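Asker: One structure, pasted below without further comment.
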Amino acid sequence: MLRLETTDARIDVDLAVGGRVASFVVAGRELLVTDDPNVFNWGCYAMVPFAGRLRNGRFEFGGQTWQLPLNMPPNAMHGVVHDRPWRQVDDRTIEVDLGNPWPFAGRVVHQFDLEPGRLTFRLELHAREAMPAALGWHPWFARRPVAIDAGASPAGDLELDFEAGSMYDRDAEGIPSGRLIAPKPRPWDDCFTDVRRPPVLTWPGFLELTVESDAPDWVVYDEPLHAICVEPETAAPDSLNRSPTIATPADPLVAEMTWRWRRL
């Protein structure tokens, strides 16, 4: 584990399991889901070099068709580094090399900056050869945060304030078609764009947490009864099969996300 700590918060980064934030404690309460038999379903992990579902695990690039393992049949999902060991670079930076089953060479760098009231993530994909790519984060915020320290303030069930101008229509396979529509009512397992303001998660009586990012697309998954996922992404799911961003040695793909919180 790589631990960062400040006066009101601490994070533990699990280098062995995808370099994910395995624990995020603020004011004595654990705000993340910290354990699940399915590696997709806990902590906060980076999704690289694609985010969300990739239809049938297949895409075309450079005149070839590439097939990835179907880790969520019938699709591939959430990239290839969320369950791999990462290396520690310094006291706030980790990295991992891209490789099999991803067919292009590159390196992913993830940096964490923890200060009182703020945690900033910076995710970089440094390509050694041209490749289609997208980046994102998948945090599992617990609806009922667990008290870690004695005397932690009571906390009500998690509420989400989220407003977007458009959402991506999903086809019969549950994958964005690329067509934008007006947002539908909750519950959601959907990707949105034109987000009107940074999403705010509130545990009544305890804490308010704002999620900021320069990523243009956001997946919100609020169907589970125990958690809400608010996922900034540089492109919607299956973007490798539509109009992908191309990362090159001269032009890395970079994204940032910041969590800001205040006590209630």
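Readers should treat all values here as calculations from the given coordinates under stated rules, not as data from a laboratory. Everything quoted here is computed from the prediction, not taken from an experiment. Heads up, the Cβs are rebuilt from the backbone with ideal geometry, glycines too, and the neighbour counts pull from every protein chain shown.
Asker: Figure the gain on full extension for Thr6 and Thr248 (residue separation times 0.36 nm, minus the Cα-Cα span) and round it to one decimal in nm.
Answerer: 83.5 nm
Asker: Which listed residue (Gly205, Gln111, Ala150) has the Cα farthest towards the positive end of the charge dipole for the range 2-263, taking +1 on Lys and Arg C-beta and -1 on Asp and Glu C-beta about the Cα centre?
Answerer: Gln111
Asker: If I stretch the segment between Asp157 and Thr65 completely, what's the gain in nm (0.36 nm per residue apart, minus their alpha carbon distance), one decimal?
Answerer: Stretched out fully, the Asp157 to Thr65 stretch lengthens by 28.5 nm.
Asker: Going by amide H atoms built from the backbone, whose H comes under 5 Å of the H on Ala164, apart from near neighbours?
Answerer: Amide H neighbours of Ala164, under 5 Å, 5+ apart: Arg196.
Asker: To the nearest 20 Debye, how big is the dipole of the chain about its Cα centre, given +1 on the beta carbon of each Lys and Arg and -1 on that of each Asp and Glu?
Answerer: About 120 debye.
Asker: So, one more: Specify which labelled value, from [x] 1.22; [y] 1.02; [z] 0.97, agrees with Cα Rg over 2.2 N^0.38 Å derived from the coordinates of the model shown.
Answerer: [z]
Asker: Taking all pairs of distinct Cα atoms, average 1/r, flip it, and tell me the Kirkwood hydrodynamic radius of the range 2-45 in Å to one decimal place.
Answerer: After inverting the mean inverse Cα-Cα distance, the result is 10.6 Å.
Asker: Note down the nm distance, to one decimal, between modelled labels 7 Å out along Cα→Cβ at Gln88 and at Arg197.
Answerer: Reported label-point gap for Gln88 and Arg197 is 4.0 nm.
Asker: Can I ask one more? Want the number for Ile181 to Asp113: 0.36 nm per residue separation, take away the alpha-carbon distance, what's left?
Answerer: Here the answer is 20.9 nm.
Asker: Now a separate question. Going toward the positive end of the dipole of the range 2-263, with +1 on Lys and Arg Cβ and -1 on Asp and Glu Cβ, which of Ala127, Tyr168, Gln88 do you reach last?
Answerer: The one lying farthest along the dipole's positive direction is Tyr168.
Asker: Could you check which residue among Asp12, Asp90, Asp169 shows the biggest mean-square fluctuation in a GNM of the chain with a 10 Å Cα cutoff?
Answerer: Greatest mean-square fluctuation among the candidates belongs to Asp90.
Asker: Still on this structure, I have one more. Which order, highest average first, do 253-260, 44-51, 178-185 follow once you tally other Cβ atoms within 10 Å for each residue and take the mean per peptide?
Answerer: 44-51, 253-260, 178-185
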